[in-house]
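Worksheet for the structure shown next.
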2 protein chains.
Amino acid sequence: MKNFVFYNPTKLIFGEGTINRIGEEIKKFGLKKVLLHYGGGSIKKNGVYEQVVNSLKENGIEWVEISGVKPNPRLSKVYEGIKIAKENDVEGILAVGGGSVIDSSKAIAGGFYYDGDVWDAYSGKHVINKALPLFTVLTLSATGSEMNGNSVITNEETKQKWATHSEKLYPKVSIIDPVAQFSLPAKQTVNGAVDAISHVMEYYFDGTKNTEIQDQIAEGIIRTVILSTEILLKNPKDYNARANLAWSATLALNGLLKAGSNGGDWSSHALEHSVSALFDIAHGEGLAIIFPAWLEYVKNEYIEKFDRFAKEIFNIDTGNASIDADLGIQALKEWYKRIGQPISLKEIGATEKDIERLVENAVQSSPMGKLKKLEEKEIKEIYNIALKNK
Amino acid sequence: MKNFVFYNPTKLIFGEGTINRIGEEIKKFGLKKVLLHYGGGSIKKNGVYEQVVNSLKENGIEWVEISGVKPNPRLSKVYEGIKIAKENDVEGILAVGGGSVIDSSKAIAGGFYYDGDVWDAYSGKHVINKALPLFTVLTLSATGSEMNGNSVITNEETKQKWATHSEKLYPKVSIIDPVAQFSLPAKQTVNGAVDAISHVMEYYFDGTKNTEIQDQIAEGIIRTVILSTEILLKNPKDYNARANLAWSATLALNGLLKAGSNGGDWSSHALEHSVSALFDIAHGEGLAIIFPAWLEYVKNEYIEKFDRFAKEIFNIDTGNASIDADLGIQALKEWYKRIGQPISLKEIGATEKDIERLVENAVQSSPMGKLKKLEEKEIKEIYNIALKNK
């Protein structure tokens with residue numbers, strides 16, 4: 001087990017009927033005016049918007065709105081948000097939506113106090129050291145952004161989908177009402193589940209050894225996500241399945257699994273970011289394609305862990321570690337297929353000629369990887385596996 | 001899954017060689033003088049004291065000392081600590097020790113600003129709403145006090161061992177260096193393990209349903225504690241077993257398992273507090289005696305969960321839930337015996353005539369219980385089971 005620091009100051013309010021507490025929570029911080037940031041308007045159909053603004057009104061909090069955040073949130077929207085936030089002298093940001101809305105809000109919160117271009121924080125030239133206080137109402141469990149200091153933004157001009165992290169970006173308060181996710185299309189639930197499982201695997205397969213408690217928790221989260229997703233594909237309004245999936249997705253990336261690890265091997269996320277930057281598919285779809293390819297490529301670096309994964313997640317135990325590792329990866333792919341995910345680049349329309357530009361994009365983040373160091377050659381091989389996966 | 005709020009602002013620094021960071025962390029809060037609180041002096045033998053005071057000196061932090069905290073920390077020592085803290089105008093408290101030292105420090109921290117008797121916070125007459133900032137260096141993993149707002153103090157005069165909780169009592173920073181536990185007597189390691197398992201079971205068996213993710217994590221913690229304890233009984237200096245046990249014990253009572261629960265059924269802890277208040281045995285010994293008796297008494301309230309416990313923890317699966325439940329409880333007792341714990345009141349010298357005074361003491365906290373409500377009659381029956389357990 002590696003040394004670590006665990007610090008997560010976000011107050012998480014979880015459960016049915018909790019959204020109407022947002023105004024009171026913002027009021028506790030003494031704020032009078034916030035920027036209300038959201039996406040394409042689904043929150044106006046499912047009643048979340050109304051609950052939120054009623055709560056703001058009841059607590060005497062003014063707001064200005066900026067909506068239209070898309071999946072793979074855009075830098076241009078962030079600039080727009082910073083401008084509106086400054087013009088209106090808001091004192092905080094209220095994100096109502098999924099990870100894209102929250103990540104966009106974090107960029108606005110951090111950009112508000114920074115004189116330079118907020119993209120500097122994503123390109124590694126700047127560390128966010130001051131930010132507007134952020135509050136969130138989550139409507140799609142996936143990224144864990146509601147309880148961490150991470151943000152991923154896509155620069156449309158340069159086609160770069162890059163991440164930043166700062167302690168200043170942890171939401172002050174996040175509310176998760178699983179009922180708000182009852183009306184999600186199955187595809188979004190599934191994308192969220194794949195994202196959560198990927199976060200767990202990123203730590204699980206980063207090469208750290210002797211982390212029994214971390215492995216046990218990781219396996220427990222993956223098993224729960226699988227179980228809950230299967231229930232939700234049959235009954236999207238199963239409250240307990242929604243709740244278990246939601247809390248699992250939050251725990252998958254709130255620092256708990258990072259404890260004792262090598263920090264996670266984020267190669268699959270980086271390789272996926274190039275896919276969704278160039279093809280504009282959902283992050284969860286890209287991960288279902290890339291992660292199994294990465295697992296296939298790196299498995300021999302730590303075959304015992306792959307053996308354990310196969311046994312603990314899919315009850316595969318032939319007695320041969322190498323065979324089990326392969327069967328475990330295949331079982332993961334089969335499960336992704338069963339829940340309707342693509343598992344190859346071909347399925348999203350990519351061909352061999354796209355590999356070069358994927359590599360060119362991804363190589364900007366190289367060298368990458370903890371379990372195995374990846375540079376241009378390795379990245380290309382993984383994309384090639386992903387192209388033809390089945 | 002029940003609604004919940006998760007909020008834990010403690011910064012936890014974990015790993016080998018981290019104790020020397022304590023001075024710097026205290027300095028970040030702007031403190032110049034602290035009360036250094038510790039126990040019987042083992043920290044002077046194992047080098048922890050020296051690491052701590054060197055770090056304080058290097059960071060220009062003065063301190064006054066009060067030592068001599070015993071297991072089941074005494075109210076009289078708390079009074080003494082409050083007096084010294086006031087006389088010396090300390091600005092914070094640094095607890096170096098196990099749960100007893102930390103709990104005593106919390107009582108001093110909360111009592112410092114309270115004009116009345118700090119015992120009021122334990123007897124339910126007062127809620128601690130202001131406290132000195134608390135820092136801890138943990139030397140025995142067991143109670144989880146390093147990352148929660150709980151404190152348990154024994155009033156020697158009234159023979160009451162009671163608890164309090166406040167958000168103001170969360171340590172600002174806690175340091176856990178597993179190496180500091182290399183020199184622990186096996187008995188103390190074992191007591192800590194039993195305490196941690198008990199905390200997990202308190203939530204696991206509180207009657208909440210549909211908490212898959214919570215159950216998975218709970219089972220993972222118990223399995224890890226069992227595995228790590230067995231390794232440590234053979235090799236007390238196994239770093240990874242120490243680390244896994246330490247982090248598991250912290251997670252067992254830092255709010256993670258409370259999420260989604262009924263709040264835990266703390267009957268066993270309350271019944272044990274009467275045992276250790278009257279017999280002055282270690283808390284972990286008392287729990288090894290009381291918990292299986294409570295499980296035996298309440299099992300039919302939720303037999304499916306007991307069935308699951310037997311399967312997930314001890315691989316017991318006969319296909320009959322009732323038989324499995326019994327075998328699971330017996331397996332727990334057998335494991336407690338194997339690691340050297342008593343499992344009956346008889347073994348600590350109690351006889352039938354002691355039952356009355358145990359009941360008289362415990363009944364002050366009744367009615368208690370979530371899975372099953374306990375009053376005088378039920379409490380007596382559980383003590384009777386505990387008397388003759390084998």
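The values are calculated or read from the model by the stated rules, or taken from the named source; none is laboratory data. Just so it is clear, the model here is predicted, and its values are computed rather than measured. Ideal geometry is used to build each Cβ from the backbone, glycine not excepted, and the neighbour counts take in all protein chains shown. These accessible areas exclude ligands, DNA and RNA; they are computed on the full protein's heavy atoms, side chains included. Shrake-Rupley method; radii C 1.70, N 1.55, O 1.52, S 1.80 Å.
For the range A:252-296, a decrease in accessible area of 30 Å² or greater in the assembled protein chains relative to the isolated chain, with a 1.4 Å probe, applies to A:LEU256. Looking at chain A alone, DSSP beta bridges between its own residues are antiparallel in about 25 percent of cases. Evaluated at q = 0.09, 0.10, 0.11 Å⁻¹, the base-10 log of the normalised Debye intensity for chain B, with identical point scatterers placed on the Cα atoms, takes the values -0.50, -0.62, -0.75. For the pair the range B:70-129 and the range B:250-294, the centres of their Cα atoms are 22 angstrom apart. Antiparallel as a % of all DSSP beta bridges within the protein assembly as shown, to the nearest 5? Taking every DSSP beta bridge within the protein assembly as shown, about 30 percent pair in antiparallel fashion. Heavy-atom accessible area for B:LYS377, with the other protein chains in place and a 1.4 Å probe, reaches approximately 130 Å².
Taking the Cα centre of the protein assembly as shown as origin and assigning +1 to Lys and Arg Cβ atoms and -1 to Asp and Glu Cβ atoms, the resulting dipole is close to 580 debye. With protein chains left intact and a 1.4 Å probe, residues in the range A:266-356 average 38 Å² of accessible area per residue.
Surface composition of the range A:117-194: carbon and sulfur atoms hold 52% of the protein heavy-atom accessible area at a 1.4 Å probe.
Taking GluC sites (Glu not before Pro) across the range A:109-206, the ones in a DSSP loop with at most 16 further Cβ atoms lying within 10 angstrom of their Cβ are A:GLU156, A:GLU157. Rg/Rh for the range A:41-107 stands at 0.96; both radii use Cα atoms, and Rh follows the Kirkwood definition. Computed with a 1.4 Å probe over protein heavy atoms only, the accessible area of B:LYS27 comes to about 110 Å². Stretched out straight at 0.36 nm per residue, the stretch from B:GLU352 to B:LYS209 would grow longer than its current Cα-Cα span by 47.8 nm.
Take B:SER123, project a point 7 Å from its Cα along the Cβ direction, then tell me which residues of the range B:358-388 have their backbone nitrogen under 17 Å from it. Taking a point 7 Å out along Cα→Cβ of B:SER123, the residues of the range B:358-388 whose backbone N falls under 17 Å are B:361-366.
Leaving ligands and nucleic acids aside, the A/B contact buries around 3300 square angstrom of accessible area in total at a 1.4 Å probe radius.
In this assembly of identical copies, the label point of A:GLU381 (Cα plus 7 Å along Cα-to-Cβ) is separated from its counterparts by 6.6 nm, sorted shortest first.
Shape descriptor for the range B:234-390: Rg over Rh equals 0.97 (Cα atoms; Rh from the Kirkwood inverse mean 1/r).
Label positions at A:PHE279 and B:ASN240, each projected 7 Å from the Cα along the C-beta direction, are separated by 3.7 nm. Placing a label point 7 Å from the Cα of A:PHE182 along the Cα-to-Cβ line, the residues of the range A:235-252 whose backbone N sits under 18 Å from it are A:235-247.
Taken along its principal axes, the alpha carbon cloud of the range B:134-266 reaches lengths of 41, 38, 29 Å, longest axis first. Taking a point 7 Å from the Cα of B:GLU301 along the Cα-to-Cβ direction, the residues of the range B:166-205 with backbone N closer than 11 Å to it are B:205. Each principal axis of the Cα atoms in the range B:30-162 has its own extent, and those three values, largest first, are 42, 28, 24 angstrom. When the pairs B:LYS11/B:LYS237; A:LYS33/A:LYS159; A:LYS11/A:LYS33 are compared against a 22 Å limit on Cα-Cα distance, B:LYS11/B:LYS237; A:LYS33/A:LYS159 fall above it. To the nearest ten degrees, helix A:75-87 and the longest principal axis of the Cα atoms of chain A are 20 degrees apart. Of all lysines in the structure, the ones whose alpha carbon falls short of 18 Å from that of A:LYS337, not counting any fewer than 8 places away in one chain, are A:LYS187, A:LYS234, A:LYS346, A:LYS388, A:LYS390.
Given label points at 7 Å from Cα along Cα→Cβ, what nm distances, shortest first, separate A:TYR113 from the same residue in every other copy? Label point to label point, same position, other copies: 2.4 nm. All alpha carbon pair distances within the range A:1-84 were sorted into 5 Å bins beginning at 0; the resulting P(r) in whole percents reads 3, 11, 18, 18, 19, 16, 7, 4, 3, 1.
If R0 is 30 Å, the Cβ-Cβ spacing of B:GLU156 and B:SER322 corresponds to a FRET efficiency of close to 0.10. Using a cutoff of 8 angstrom between alpha carbon atoms and counting only pairs six or more residues apart, the relative contact order for the range B:1-58 works out to 51 percent. Across A:ASP103, B:ASP307, the residue with the most accessible area heads the list, and the full order at a 1.4 Å probe is B:ASP307, A:ASP103. Give me the Debye-computed log₁₀ of I(q)/I(0) at q = 0.11 Å⁻¹ for the protein assembly as shown, equal point scatterers on Cα only, no solvent, two decimals. Calculated log10 I(q)/I(0) at the listed q: -1.29. In this rough spin-label picture, where each label sits 7 Å from Cα along the Cβ direction, the B:GLU58-A:ASN3 distance is 1.0 nm.
Within the accessible area of the range B:1-66, what % is carbon and sulfur when the probe is 1.4 Å and the other protein chains stay in place? On the range B:1-66, the fraction of accessible area on carbon and sulfur atoms equals 44 percent. Taking B:LYS311 as the anchor, which lysines have their alpha carbon closer than 19 Å to its alpha carbon, excluding any fewer than eight residues away along the same chain? List returned: A:LYS311, B:LYS209, B:LYS299, B:LYS333. Mind checking the angle between helix B:99-111 and chain B's longest principal axis? C-alpha axes, 0 to 90 degrees, to the nearest 10. It works out to around 60 degrees.
Residues A:THR158, A:THR224, ordered by accessible area of protein heavy atoms at a 1.4 angstrom probe radius and largest first, appear as A:THR158, A:THR224.
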